[in-house]
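The structure appears below as structure tokens.
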Amino acid sequence: MDDVFRALADPTRRSLLDELYRCDGQTLSALEARLPMTRFGVMKHLRVLEEAGLVVTRRRGREKLHFLNAVPIRLVHDRWVSKYAEPWAASLSALKQTLEEESMEKVFEIYIKTTPERLWEALTDSETHAAYSFGVGVSSDWTVGSSYEGGSTAAGAPLIEGENLEVDPPRRLVQSYRALWSDDVRRAGTSRVTYEIEPVGDSCCLTVTHDQLPTDANPQLYGGWPMILSGLKTLLETGERLTTPGSLLYAPDSEPVA
């Protein structure tokens with residue numbers, strides 16, 4: 001967490017994050033054009049942000065794109081803010097970043113002290129999944145081409161559903177994703193979520209990419225990822241659940257969902 005505060009302390013680095021907040025997935029050249037400094041200077045600042053986990057990069061052909069990663073900021077929120085100001089702070093995780101003309105892509109990265117096998121189990125076991133993902137469990141046979149669904153409304157309908165497109169335990173899981181908890185999110189149609197697990201010493205780097213989102217998609221579709229990943233990290237490293245209102249939204253002892 002010290003790296004996060006050090007990265008945020010510099011106004012130029014905050015400006016870079018602001019630029020990615022306004023338009024995510026930018027190249028180095030695009031970011032350089034927006035700041036009064038040399039290309040080398042921008043690269044140095046981006047390196048600090050990457051080391052702090054606040055920026056994640058992805059190759060697209062010959063280009064290297066930079067994405068704002070909200071998870072470290074969410075972890076700061078969960079440690080000091082949530083019990084005092086959850087309704088106000090939750091909106092910070094709903095980052096509105098537009099990428100291409102017809103779709104949007106969100107990339108989130110987090111390091112968790114656990115094994116790939118244990119992390120995979122947390123992603124695919126229904127009871128464990130519900131403990132960190134708004135109380136929503138998932139059911140599937142976890143084979144390629146099979147369906148999955150999660151959660152339940154008061155009427156018994158699922159909250160989410162989709163198809164398992166790639167299943168490579170304990171390294172990679174790709175799923176189509178359709179949200180059903182309201183008419184507004186249902187209108188967004190089907191998007192895609194990719195989970196990539198990379199061992200790093202005695203820990204794992206989990207990267208979640210949510211793409212094929214319409215540019216006007218409701219922020220509810222992707223704004224909850226920082227809280228979900230924070231809850232996953234907390235559960236696997238401490239055995240405890242986050243108790244923020246959002247984390248308990250669809251838990252069995254919460255208010256019924258209409």
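Work out which GluC sites (Glu not before Pro) in the chain are exposed loop sites (DSSP not H, G, I, E or B, at most 12 other Cβ within 10 Å) and give the longest gap free of them.
103-239
Taking Rh as the Kirkwood radius, which is the inverse of the mean 1/r over Cα pairs, what is the Rg/Rh value for the chain? Please report the intermediate quantities before stating the final value.
Details: Rg = 18.1 Å, Rh = 19.0 Å.
Over the Cα atoms of the chain, Rg/Rh equals 0.96.
Can you work out ³J(HN,Hα) from phi for every residue in the range 62-76, in order, using Karplus 6.51 cos²θ - 1.76 cosθ + 1.60 and θ = phi - 60°, giving whole Hz and x for Gly and Pro?
Per residue, the Karplus-derived 3J(HN,Hα) values read 8, 9, 10, 9, 10, 10, 6, 9, 7, 4, x, 5, 5, 5, 4 Hz.
Per DSSP H run of at least 4 residues, take -39500 (n - 2.57); add these up for the chain, divide by its residues and hand me the 222 nm value, nearest 500 deg cm²/dmol.
On the way: 10 runs with 90 residues, N = 258.
Result for the chain, helices only: -10000 deg cm²/dmol.
Taking the Cα-to-Cβ direction at ASP183 and at SER146 and moving 7 Å from each Cα, how far apart do the two end points lie in nm?
3.5 nm
How far apart, in nm, are two points set 7 Å out from the Cα along the Cα-to-Cβ line at ARG172 and at SER203?
Result for the modelled spin labels: 2.4 nm.
We did not get these values from a lab; they are worked out from the coordinates using the rules stated. The shown structure was predicted, so the numbers you read here are calculated from the model rather than taken from an experiment. Cβ sites come from the backbone with ideal geometry, for glycine too, and all protein chains shown count toward neighbours.
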